[in-house]
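A.B. asks: Supplied in structure tokens, the structure appears directly below.
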Amino acid sequence: EIFGPVSIRELKTEDRYVRKTDGFLPSADFGFLDEIWKSSPAILNTLLTILNERQFRHGDKVEDVPLKAIVAASNEIPQPGQGLEALYDRFIMRFAVPPVRTRRAFESLLGGGSVGTAVDIAEEDKISNEEWAAFVADIAEVGVSKEALNVIHAVRVKIQ
């Protein structure tokens, strides 16, 4: 359950369907979702709201979601016409990773050991939550000139 368990106390005593979100996606700065396209329509719709509005609605409460980035993985790409296009479009960087094809690569994968996840970032390069909030607030002030829009449009046309 990515949104948190239902609060039994709230359900029993207050007759309210409320989730306990601490430690779950609605309270996370970063998220990883595995096999995203196997999720139920309700989960996918809620994810769309979280990605679009950075808000999580449960019961009569609306929580602001501090999410800065989310990564998703899947063994499949959603087929057109399934109603998943809006959510798929929110993932602006997409990488198709083909299966391991050669025996040598497969043996390397099995014998390679674990991949380290420790990252050493210098203190002066770290971005605080306060700095991030300032970035988000200031982004609306950034303007794009007509000339820049023309160049962007020309690049889009060329790519298409």
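A.B. asks: Could you give me D for segment 1-151, from Stokes-Einstein at 20 °C and 1.002 mPa s, where the hydrodynamic radius is the Kirkwood radius over C-alpha pairs? Units µm² s⁻¹, please.
C.D. replies: The diffusion coefficient I find is 111 µm²/s.
A.B. asks: Right, next: Residue 126: which lysines have alpha carbons under 20 Å from its alpha carbon, excluding same-chain residues fewer than 8 sequence positions away?
C.D. replies: Leaving aside lysines fewer than 8 places away in the same chain, those within reach of residue 126 are 68.
A.B. asks: A follow-up question, please. Enter the Cα centre distance for the pair segment 1-25 and segment 129-152, rounded to the nearest angstrom.
C.D. replies: What the calculation gives is 37 Å, centre to centre.
A.B. asks: Further, regarding this structure: Just check segment 68-138 against the gyration tensor rule for me: Cα atoms, a ≥ b ≥ c as the square roots of the eigenvalues, rounded for a/c under 1.5, and otherwise prolate or oblate depending on whether a/b exceeds b/c.
C.D. replies: Since a/c reaches 1.5 but b/c is at least a/b, the shape of segment 68-138 is classed as oblate.
A.B. asks: Kindly provide the helix-only [θ] at 222 nm of the chain, computed as the sum of -39,500 (n - 2.57) over DSSP H runs of four or more divided by all residues, to the nearest 500 deg cm²/dmol?
C.D. replies: One gets -9500 deg cm²/dmol as the mean residue ellipticity at 222 nm.
A.B. asks: Let me ask another. Which GluC sites (Glu not before Pro) from segment 58-160 combine a DSSP loop assignment with at most 12 other Cβ atoms within 10 Å?
C.D. replies: Those that pass, being in a loop and sparsely packed, are 76.
A.B. asks: Could you tell me which chymotrypsin sites (Phe, Trp or Tyr not before Pro) in segment 1-89 are loop residues by DSSP with no more than 15 other beta carbons within 10 angstrom of their beta carbon?
C.D. replies: 17
A.B. asks: For the chain, with every protein chain kept in place, what is the accessible area per residue (1.4 Å probe, Å²)?
C.D. replies: 80 Å²
A.B. asks: Here's something else I'd like to know. Give me the percent relative contact order of the chain, please, defined on Cα pairs under 8 angstrom at least 6 residues apart.
C.D. replies: The value is 16 percent.
A.B. asks: Something else: Taking each pair of different alpha-carbon atoms in segment 116-160 once, compute 1/r for the pair, average those values, and report the inverse of that mean as the Kirkwood hydrodynamic radius in Å to one decimal.
C.D. replies: The answer is 14.2 Å.
A.B. asks: Where the accessible area of the chain is counted over protein heavy atoms with a 1.4 Å probe, how much of it, in %, is carbon and sulfur?
C.D. replies: 56 percent
A.B. asks: What is the distance in Å between the Cα centroid of segment 79-109 and that of segment 49-68?
C.D. replies: 27 Å
A.B. asks: When a/c reaches 1.5 or more, the comparison of a/b and b/c decides; with that in mind, is segment 1-64 rounded, prolate or oblate per its Cα gyration tensor?
C.D. replies: prolate
A.B. asks: Treat each spin label as a single point 7 Å out from the Cα along the C-beta direction, and report the residue 18 to residue 110 distance in nm.
C.D. replies: 5.2 nm
The values are calculated or read from the model by the stated rules, or taken from the named source; none is laboratory data. Predicted model only: the values in this text are computed from it and were never measured. Every residue, glycine as well, gets a Cβ built from its backbone with ideal geometry; the counts of neighbours run over all protein chains shown. Ligands, DNA and RNA are excluded from the accessible area calculation, which covers all protein heavy atoms including side chains. Shrake-Rupley method; radii C 1.70, N 1.55, O 1.52, S 1.80 Å.
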